[in-house]
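Worksheet: the structure to be examined is printed underneath.
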Amino acid sequence: MRMISATFEKSAFKEPDWPRDKKPEIAFLGRSNVGKSSLMNSLLGVRGLARTSRTPGRTQALNFFLVNEKFRFVDLPGYGYARAPKNVKEQWNAAATDYLAQREELVLSVHLIDARHEPTASDLQLDEWLKHHGKPHVIVATKSDKLSNNELTRNLRRAKEILGTPEILPYSSVTGRGRDDIWRAINNALNR
Ligand code: GTP
Ligand code: MG
């Protein structure tokens, strides 16, 4: 993908605020603090475009980014951040699940898991939901730079077993490892 432009377009909580012009969308989802914003920034080559933070749960709305005037990246609220106030948590869940269930423009979900840990119950739940609803998705194991090659191989094997999937793409926003593979998956989805 040749990057020509990437701009933050808008934040939205509810369906009436989603963009209306029918461009295809790639959504990034996973638990809070897993590295969604970092992955988007590194794919787009723009540092700080999608806000990254050390404070989990900062991103509460859906954030739309327009890429090359052709398609969008959508940063979904992270799940599983227990310390958020209850009503905020409900709003996150509603915003993300409404989007996943309803959005016709969605051509690919990029589901991030943490390469260091076993997939969580919420990871499994999301994966099962995506499969059940026939949503095209790819699983990315991020923060792979924090593991040795042996540990990474072992953890990827374990995560594939737990999630029942033949492929998980290892990734690091620090080294850029896996970037080409993720772009390939995105391009395939855009060209389908
Ligand atoms: P929320 O928006 O709060 O749900 O978080 P997020 O999923 O967008 O995570 P974010 O990209 O903000 O990253 C969280 C923290 O993890 C930041 O401190 C990042 O610098 C760090 N991080 C993200 N990806 C990587 C990675 O591949 N390797 C390492 N070492 N750190 C990473
Ligand atoms: Mg974020």
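The values are calculated or read from the model by the stated rules, or taken from the named source; none is laboratory data. Please read all numbers here as calculations on a predicted model, not as lab measurements. All Cβ positions, glycine included, derive from the backbone under ideal geometry; neighbour counts span all protein chains shown. For accessibility, only protein heavy atoms count, side chains too; no ligands or nucleic acids. Shrake-Rupley method; radii C 1.70, N 1.55, O 1.52, S 1.80 Å.
Would you pick out the residues in the range 1-55 that are assigned to a loop (DSSP other than H, G, I, E, B), away from ligand 2 (no atom under 12 Å from the Cβ), within 30 Å of LEU124 (Cβ to Cβ) and open to solvent by 70 Å² or more (accessible area, probe 1.4 Å)?
PHE13, LYS14
Just give me the residues in the range 163-189 being among the aliphatic types (A, V, I, L, M) and surrounded by 15 or more Cβ atoms within 10 Å (Cβ to Cβ), in sequence order. Spell out the reasoning first.
Let us first name the residues in the range 163-189 that are among the aliphatic types (A, V, I, L, M), namely 163, 168-169, 174, 182, 185-186, 189.
LEU163, ILE168, LEU169, ILE182, ALA185, ILE186, ALA189, listed by residue number.
Please state which one of LEU100, LEU152 is under 26 Å from ASP17 (Cβ atoms) and either assigned to a helix (DSSP H, G or I) or acidic (Asp, Glu) (or both).
Details: LEU152 fails: under 26 Å from ASP17 (Cβ atoms).
Being under 26 Å from ASP17 (Cβ atoms) and either assigned to a helix (DSSP H, G or I) or acidic (Asp, Glu) (or both) holds for just one of LEU100, LEU152, which is LEU100.
Being away from ligand 2 (no atom under 16 Å from the Cβ) and modelled with pLDDT of 85 or more is the requirement here; does PHE64 meet it? Can you show your working first?
Values: away from ligand 2 (no atom under 16 Å from the Cβ): no; modelled with pLDDT of 85 or more: yes.
So PHE64 does not fit the description; no.
Within the group ASP181, ASP145, which residue is modelled with pLDDT of 95 or more, within 15 Å of ligand 1 (Cβ to nearest atom) and over 17 Å from VAL34 (Cβ atoms)? Steps first, please.
Numbers: ASP145 fails: over 17 Å from VAL34 (Cβ atoms).
Answer to the check: ASP181.
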